[in-house]
1. Cα to Cα, under 12 Å, and not fewer than 8 places away if on the same chain: which aspartates and glutamates meet these conditions relative to K317?
2. Any idea what angle helix 301-319 forms with the longest principal axis of the chain, computed on alpha-carbon atoms, 0 to 90 degrees, nearest 10?
3. Note down the accessible area of H301, probe 1.4 Å, to the nearest 10 Å².
4. Provide the per residue accessible area, probe 1.4 Å, for segment 199-251, rounded to a whole number of square angstrom.
5. Over segment 1-149, what is the relative contact order in percent, taking alpha-carbon pairs closer than 8 angstrom and at least six residues apart?
6. How do L142, L114 stack up against each other in accessible area, from largest to smallest, with a 1.4 angstrom probe?
7. So, with +1 on the Cβ of K and R and -1 on the Cβ of D and E, and no other charges, what is the size of the charge dipole of the chain about its Cα centre, to the nearest 20 debye?
8. Taking 0.36 nm per intervening residue step and subtracting the Cα-Cα distance, what contour gain separates D26 from E107 on full extension?
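The values are calculated or read from the model by the stated rules, or taken from the named source; none is laboratory data. In this text, all values refer to a predicted model and were calculated from it rather than measured experimentally. So basically every Cβ, Gly included, is an ideal-geometry build from the backbone, and we count neighbours across all protein chains shown. SASA here: full protein model, heavy atoms, side chains in, ligands and nucleic acids out. Shrake-Rupley method; radii C 1.70, N 1.55, O 1.52, S 1.80 Å.
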Amino acid sequence: MRVAFFSTKSYDRTFFERANRLFGHDLYFIESRLTEQTAGLAKGCPAVCAFVNDELNAAVLDKLAENEVRLIAMRSAGFNNVDLEAAADLGLTVVRVPAYSPHSVAEHTVGLILALNRKLHRAYSRVREGNFSLDGLLGFELNGRTVGIVGTGKIGTIVGKILQGFGCIIIAYDPYPSDEARMLGFEYVPLDELLARSDIITLHAPLNRETYHMIDARAVERMKPHAMLINTSRGGLVDTRVVIDALKEGRIGSLGLDVYEEESDLFFQDLSGQAIQDDVFARLLTLPNVIITGHQAFFTHEALQNIARTTLANISKFERGETSGNEVRAVTAGVRV
Ligand code: NAD
């Protein structure tokens, strides 16, 4: 099947071309992001493969359907950028890669926690400049600390398991508690209690209307003073402006982000020669107790290999008129943003 790949980077091409030796699809790589303006490039391709910052709103889906696209194959786990109701109305099938490597994201999450706590980002620059002063680099032991995990799905559960190895006490909030998490000894508590008790809060819930800005002014007020907040899920979970104020006032101790609510104009591009136009993001960059990575938590060899294989298998199954089990529909998504 001919597949139009939007937002293609060199690594996508490498991994998809290699995996495609087993599938034999006709891959058409496009560097542009999928938007209303670029949707026409998919003409002649019954399948479109899109990523996290591609736009798949009703207008874009309408254009794709007009061009006889029948399948949207997300090469991501999240699908909050797809208007699933519009897709259903247009008869478009949407598939995704539900679990390409939760370990990749979980390990990056723990990396952010360790780096922020022991100020590795600051230490790295200092030592390279011959500054061996320890002032401002004081951390705390993770052993015995309480970590609040919001969303105990695949990634959140692995984060909890890893942190138990550090001696952390794991408390969790999830409207659908899991037996596995309970067996591991996670203590489920209401969200307000999690916010009040946690030294470190890490977000692993999907983005939808219920979770949008779940970390807002009210939530920040409930947080333990100087708590660490980590978000490797989706930027929209956090009200960035509120969190910046809390960081300035010292109410939040530190912030680790791999995702940002307005990331689509920034991430996955080299903007090092330009002035950052997003003033909220630019403000975050000035704070010493903030580490931001550009949506790279998934970015491992294992994950890229799994993403390519599962995406191409999803496409093959669709072509044969079979279901893969990786279809997403409006009803699975619950509510939309
Ligand atoms: P998952 O579906 O296995 O787990 C999500 C969990 O969140 C589920 O247990 C669900 O019950 C829970 N949940 C739903 N609504 C909630 C709410 N209101 N409050 C608390 N919990 C809620 O998903 P996963 O594979 O663990 O992925 C988690 C998120 O990580 C995804 O939604 C995706 O957006 C993000 N992600 C990020 C990257 C990255 O590179 N940064 C990569 C993959 C996934």
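1. Candidates past the 8-residue exclusion: E327.
2. Approximately 30 degrees, to the nearest 10.
3. 100 Å²
4. The answer is 43 Å² per residue.
5. Dividing the mean separation by the residue count of segment 1-149 yields 17 percent.
6. The ranking, largest first, comes out as L114, L142.
7. Value, rounded to 20: 820 debye.
8. 25.7 nm
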